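Novice: Have a look at the structure that comes next, please.
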Amino acid sequence: MRIAVGSDHPAYHLKEAVKAHLSDRGIDVVDVGTDSTESTHYPKYGAAVGELVADGSVDRGIVMCGTGIGISIAANKIPGVRAALCSHEAHAALSREHNDANVLALGARFTAIEHALSIVDTWLDTKFGGGRHEPRVDMLTALDTRWKSSPKS
Ligand code: RB5
């Protein structure tokens with residue numbers, strides 16, 4: 001499996017811990033930055049991870065900022081991305097099982113590193129449930145093109 005990771009400055013240390021954890025699990029990691037705790041802008045990294053997921057360069061993505069909110073909004077702007085902000089293992093499990101989330105978002109200011117790594121593991125180890133969830137995920141995918149082609153419909 002190949003996973004892209006990205007963060008802004010408050011989540012830099014969490015990103016480094018997530019990277020090491022993914023490598024320990026034998027996962028190939030693509031790091032889009034940031035590379036330090038110097039102030040930067042989360043939309044850049046959310047979009048960069050989202051684009052790699054959307055174009056199939058990686059299987060999934062993990063994005064991190066102070067709250068996880070801004071960077072998940074950025075990732076979700078990329079068609080094909082289903083980013084889920086998770087602060088609990090149950091969120092992570094359900095985001096995979098129900099929503100087939102292909103990007104995990106974490107908030108470094110609110111989630112301790114060990115807890116975040118446990119959320120990552122749950123997210124990686126849970127499969128999409130399919131069945132009744134499938135048409136709903138298809139509806140999410142349809143929204144990717146709906147507003148682009150006909151904004152008022
Ligand atoms: C950066 O100060 C902060 O706004 C960012 O990390 C994130 O929390 C935005 O949603």
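Novice: Going 7 Å from the Cα of residue 44 along its beta-carbon direction, which residues of region 1-18 have the amide nitrogen within less than 12 Å of the resulting point?
Specialist: Answer for region 1-18: 7-9.
Novice: Counting only helical runs of four or more DSSP H residues, what would the 222 nm mean residue ellipticity of the chain come to if each run contributes -39,500 (n - 2.57) and the total is spread over all its residues?
Specialist: Calculated from helices alone, the mean residue ellipticity at 222 nm is -15000 deg cm²/dmol.
Novice: Rounded to the nearest 0.05, what FRET efficiency is calculated for residue 110 and residue 2 with R0 set to 22 Å and r the Cβ-Cβ distance?
Specialist: Details: r = 28 Å, r/R0 = 1.26.
In this case the efficiency is close to 0.20.
Novice: Hey, what angle do you get for helix 113-125 against the long axis of the chain, alpha-carbon based, 0 to 90 degrees rounded to 10?
Specialist: Long axis of 113-125 versus the principal axis of the chain: about 40 degrees.
Novice: I want the local charge near residue 40. Using Cβ-Cβ distances under 13 Å, sum +1 for each Lys or Arg and -1 for each Asp or Glu among the other residues.
Specialist: Working: positive: 15, 44; negative: 8, 35, 38.
Charge balance in the 13 Å sphere: -1.
Novice: For region 24-153, just run the numbers: alpha carbon Rg, then divide by 2.2 N^0.38 Å, N being how many residues it has. It would help to have the intermediate numbers written out before the result.
Specialist: On the way: Rg = 14.8 Å, N = 130, 2.2 N^0.38 = 14.0 Å.
Here the answer is 1.06, to two decimals.
Novice: Then there's this: Under a 1.4 Å probe, what is the accessible area of the chain per residue, stated in Å²? Present the calculation step by step, with values, prior to reporting the outcome.
Specialist: Values: 7730 Å² over 153 residues.
Per residue, the chain has 50 Å² of solvent-accessible surface.
Novice: Further question on the same structure: At a 1.4 Å probe, what is the % contribution of carbon and sulfur to the accessible area of the chain? Please list the in-between numbers first.
Specialist: Details: 4130 of 7730 Å².
Carbon and sulfur together cover 53 percent of it.
Novice: What number of lysine-lysine pairs in the chain show an alpha-carbon separation below 29 angstrom, given a sequence spacing of 8 or more or placement on distinct chains?
Specialist: Taking the Cα cut-off of 29 Å, the pair count is 13.
Novice: Using 0.36 nm times the number of residues separating residue 23 and residue 139, minus their current alpha carbon distance, what extension gain do you get?
Specialist: On the way: separation 116, 0.36 × 116 = 41.76 nm, distance 3.39 nm.
Length difference between fully extended and current span is 38.4 nm.
The values are calculated or read from the model by the stated rules, or taken from the named source; none is laboratory data. Just so it is clear, the structure is predicted and the values come from calculations on it, not from any experiment. Reconstructed Cβ throughout: ideal geometry from the backbone, glycine too, with neighbour counts over all protein chains shown. These accessible areas exclude ligands, DNA and RNA; they are computed on the full protein's heavy atoms, side chains included. Shrake-Rupley method; radii C 1.70, N 1.55, O 1.52, S 1.80 Å.
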